[in-house]
Every structure is written in C-alpha cells, then in structure tokens.
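Asks: Below are the structure tokens for one structure; questions will follow.
The values are calculated or read from the model by the stated rules, or taken from the named source; none is laboratory data. The structure presented is a predicted model; accordingly, all values stated were derived computationally and were not measured. We place every Cβ from the backbone using ideal geometry, glycine too, and count neighbours over all the protein chains shown. Areas reflect the complete protein model, heavy atoms only, side chains present, ligands, DNA and RNA absent. Shrake-Rupley method; radii C 1.70, N 1.55, O 1.52, S 1.80 Å.
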Amino acid sequence: MTDRLLLESIHFAAEKHRHQRRKDADGLPYINHPIAVACLLASEGGITDEEVLITAVLHDVLEDTDTRSEEIEAGFGGRIRSLVEEVSDDKRLPKQKRKQLQIERAAGSSDKAKLVKLADKICNLRDMSECPPAGWDVERIREYFDWARAVVDQLAGIHPRMERLFFEEYRRRP
Ligand code: NDP
Ligand code: ZN
C-alpha cells in the first residue's frame, strides 16, 4: 500500500460523487464527507493504516453512486473491495431494514470496517448538529442520533478515543 493509492482513491471518489451534494441547505459537495471521514481517522484517531483510510474515502461509492464492486477491485485490490462492501448497505433492501441490519451486523464486522463505521457516524452527527439535512425536524434528528448510537454501541472497544469523540457529539442531541 502506498500514498499513491490513497490519492487515487480520492480522485476516484471525487469523480464518482461529482454530481452529488450533501443534504444540508447549502448542498455541500458530497466528496467533502468521505474526505472528512478519512481526515478524522488520521488526525483525531491517529490511524495510519492505508486500507482503513482508503476504505473511508470510498465508503459511500457503492451505496450512493453507480460504482460496481469490480471497479474497486480493479483499482484498489480485493481487500479494499471487501472492506468497502462491508461498510455498504444493500440498497435492494428497504431503508428501515438496512438501518436495522447496520445495528445487527456492526459487532461482527472486521476491525477495519468498524473504524470506518465509527468515524462515519461521528462525522454524520457533527453534520447533523452543524449543517443538518434541509427539512428535518427535531424529532427526525433525534431518531438519527439514537440510531447512530445503537450502531456505535455495537462497536464498543474498537477505538476508545474515537468512541469518546462520538459520545461528545452525541451530547449535542437536540
Ligand atoms: P438517512 O437516515 O439515510 O439520512 C441520514 C444520512 O444522510 C446520513 O447517514 C448520511 O449518510 C447522509 N447525509 C447527507 N447529508 C447529511 C447531513 N447534512 N447531515 C447528516 N447526514 C447527512 O435518511 P432518510 O431520509 O433516508 O430516512 C431515514 C429514516 O427516517 C427512514 O428509515 C425513514 O423511515 C425515517 N423517516 C422519518 C421521518 C420523520 O419525520 N421522523 C420522515 C421520513 C423518514 P452517509 O454517511 O451515507 O453520507
Ligand atoms: Zn458516510
């Protein structure tokens, strides 16, 4: 694994998410989010494992773009493909079911996938507090905080420092 592959993953994700925006009122470019998740892992989590950082950069391409797993394998190898698959919901399932499965499957995930899931939830709670999705009322934001917490409860022990960061964000639940 080299720095080159990490840069290539950013290039790949930026291309895949190029027409997408986050759900906040200003419609931040989507790519800001996967970059924020990778940055959080590196800066606040002290993670240097490039498989984890690359998976963070790519964590939403299967779920939110037309990317196929084969493309990830061709560009980044089979291990990254499996990790990205592990952190992706099955989009053929209804939303409610997908959310339930995230809770049920979190504890059985690989350590690398757990780190990405935890960082993703921290970033999303930060976004919910600082630039919430347009049109969401307080009740819906609360539901999101509680669901994120139910997932993170299943990740206990994976990275105490980042778990503390999550609970610091959780305290901002409206
Ligand atoms: P999601 O729970 O999928 O929306 C949250 C996700 O959006 C985050 O996990 C994040 O995903 C992404 N995201 C994009 N922009 C932001 C942002 N600015 N801040 C935080 N997260 C952001 O929402 P859905 O709308 O699909 O609905 C989820 C559930 O809510 C459904 O199960 C539905 O039943 C329920 N619902 C409740 C309503 C209510 O009023 N209570 C109304 C309608 C639905 P990522 O990490 O992938 O980027
Ligand atoms: Zn995400």
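Asks: Collect the residues in the stretch 135-159 that are assigned to a loop (DSSP other than H, G, I, E, B), near ligand 1 (Cβ under 8 Å from one of its atoms) and open to solvent by 60 Å² or more (accessible area, probe 1.4 Å), keeping them in residue-number order.
Replies: Asp137
Asks: Among the residues of the stretch 118-134, is there at least one that is within 13 Å of ligand 1 (Cβ to nearest atom), over 17 Å from Ala36 (Cα atoms) and part of a helix (DSSP H, G or I)?
Replies: Within the stretch 118-134 (the criterion being within 13 Å of ligand 1 (Cβ to nearest atom), over 17 Å from Ala36 (Cα atoms) and part of a helix (DSSP H, G or I)), the answer is no, since none of the residues qualifies.
Asks: Consider Arg126 carefully, then state whether it is within 13 Å of ligand 2 (Cβ to nearest atom) and basic (Lys, Arg). I'd like the intermediate steps shown before the answer.
Replies: Values: within 13 Å of ligand 2 (Cβ to nearest atom): yes; basic (Lys, Arg): yes.
Here the answer is yes, as Arg126 does meet what is asked.
Asks: Now, a different point. Could you identify the single residue in Ile10, Ile54, Ile31 that is more than 14 Å from ligand 1 (Cβ to nearest atom), under 22 Å from Lys114 (Cα atoms) and open to solvent by less than 40 Å² (accessible area, probe 1.4 Å)?
Replies: So the residue among Ile10, Ile54, Ile31 that is more than 14 Å from ligand 1 (Cβ to nearest atom), under 22 Å from Lys114 (Cα atoms) and open to solvent by less than 40 Å² (accessible area, probe 1.4 Å) is Ile54.
Asks: Could you name every one of the helices (runs of 4 or more DSSP H) located completely within the stretch 1-111 that has at least 1 residues being of a type in the set (Phe, Trp, Tyr) and in contact with a Phe, Trp or Tyr (Cβ under 9 Å, 6 or more places away or on another chain)?
Replies: 3-16, 69-76
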